[in-house]
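First comes the structure, then the notes that go with it.
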Amino acid sequence: GAGVSQSPRYKVAKRGQDVALRCDPISGHVSLFWYQQALGQGPEFLTYFQNEAQLDKSGLPSDRFFAERPEGSVSTLKIQRTQQEDSAVYLCASSLGTTGAGYGYTFGSGTRLTVV
Amino acid sequence: GNSVTQMEGPVTLSEEAFLTINCTYTATGYPSLFWYVQYPGEGLQLLLKATKADDKGSNKGFEATYRKETTSFHLEKGSVQVSDSAVYFCALSDSDMRFGAGTRLTVKP
């Protein structure tokens, strides 16, 4: 497709439930990024892939968060045993460049996760 | 580490007023600088960018100049419209992209 596609658009999870969020980047984009955006805040970096390699996962808040991009295209962000503090919008972005610097990112519309 | 600090909002202006949203950065290297805009209910969209010192990014009447001496990238528009109402994010990119907290702009007719 022409843009970055994320699904589902909205997800309500009961506390303790596992969730999986999907991102389809722009075809041919090497770099893929996940961000977490809390209400009224800017996006916070979670993790970065260059093709299938996860080069930086320093932003993942705990070992309950796991991301993968096994074939270098679609990526999944998994959150195990969700907690209320995980409620946020999860944004995926892709970039043509290998590090993102200078190219800018194209963002998806995000997945709004609400943990109840 | 790299970081971005931007003007706190919200900012409310009348149509055709002049807009400035301040952004300063801290970086160890030579990052690229960006402004993103988020309209209600939508994802972030790239508004403009500058990749080196003294570059000016511009788009849709918005401008920002990469000022290395003042480590700033302030966003300006000479005459805002109601349709410019949105949240604006300043960002810098080195090995990854770091965002400011966002500034909400409301333009009234």
Inset, instruction - Quick one: count up the residues across segment A:1-28 that are without any contact (Cβ under 8 Å) to a residue 60 or more places away in the chain and under 12 Å from A:THR114 (Cα atoms). - result: 0
Legend entry - Breaking point among (1) surrounded by 21 or more Cβ atoms within 10 Å (Cβ to Cβ); (2) in contact with a helix residue (DSSP H, G or I) (Cβ under 7 Å, 6 or more places away or on another chain); (3) of a type outside the set (D, E, K, R), for B:PRO109: (1)
Legend entry - Among (1) under 27 Å from B:MET7 (Cα atoms); (2) surrounded by 15 or more Cβ atoms within 10 Å (Cβ to Cβ), the one test that A:ASP56 misses: (1)
Inset, instruction - Determine, yes or no, whether A:LEU113 is at pLDDT 95 or above and facing another protein chain (nearest Cβ under 9 Å). - result: no
Legend entry - Considering residues of segment A:72-112 that are of a type in the set (A, V, I, L, M, F, W, C) and part of a loop (DSSP other than H, G, I, E, B) only, the residue surrounded by the most Cβ atoms within 10 Å (Cβ to Cβ): A:ALA101
Inset, instruction - Could you please find all residues in segment B:9-26 being within 11 Å of chain A (Cβ to nearest Cβ) and either surrounded by 12 or more Cβ atoms within 10 Å (Cβ to Cβ) or modelled with pLDDT under 85 (or both)? - result: B:GLY9
Inset, instruction - Could you pull out every one of the strands (runs of 3 or more DSSP E) wholly within segment B:1-71 that has 1 or more residues that are of a type in the set (A, V, I, L, M)? - result: B:3-6, B:11-14, B:19-21, B:32-38, B:44-50, B:62-65
Inset, instruction - Identify, by number, the condition in (1) touching a strand residue (DSSP E or B) at 6+ places or on another chain (Cβ under 6 Å); (2) farther than 20 Å from B:GLY1 by Cβ that A:GLN83 doesn't meet. - result: (1)
Legend entry - Selection within segment B:82-109 - outside any strand (DSSP E or B) and more than 7 Å from chain A (Cβ to nearest Cβ): B:VAL82, B:SER83, B:ASP84, B:SER85, B:PRO109
Inset, instruction - Go through A:PHE45, A:PHE49 for me and flag whichever is facing chain B (nearest Cβ under 10 Å), within 23 Å of B:LEU46 (Cβ to Cβ), touching a residue at least 12 places away in the same chain (Cβ under 8 Å) and surrounded by 14 or more Cβ atoms within 10 Å (Cβ to Cβ). - result: A:PHE45
Legend entry - The lone exception for A:ARG69 - which of (1) surrounded by fewer than 19 Cβ atoms within 10 Å (Cβ to Cβ); (2) among the basic types (Lys, Arg); (3) in contact (Cβ under 8 Å) with a residue 12 or more places away in the chain it fails: (1)
Inset, instruction - Filter segment A:87-110 for residues that are more than 11 Å from chain B (Cβ to nearest Cβ), under 13 Å from the mean Cα position of the chain (by Cα) and at pLDDT 95 or above and give the result. - result: A:ALA88, A:TYR90
Inset, instruction - State all residues of segment A:61-86 that are under 13 Å from A:LEU21 (Cβ atoms) and of a type in the set (S, T, N, Q); if no residue qualifies, say none. - result: A:SER75, A:THR76, A:GLN80, A:THR82
Inset, instruction - Mind listing whichever residues of segment A:2-25 are under 15 Å from B:GLY43 (Cα atoms) and surrounded by fewer than 20 Cβ atoms within 10 Å (Cβ to Cβ)? - result: A:ALA2, A:GLY3, A:SER5, A:SER7, A:PRO8, A:ARG9, A:TYR10, A:ASP24
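The values are calculated or read from the model by the stated rules, or taken from the named source; none is laboratory data. All values reported here derive from a predicted model rather than from experimental measurement. Ideal geometry is used to build each Cβ from the backbone, glycine not excepted, and the neighbour counts take in all protein chains shown.
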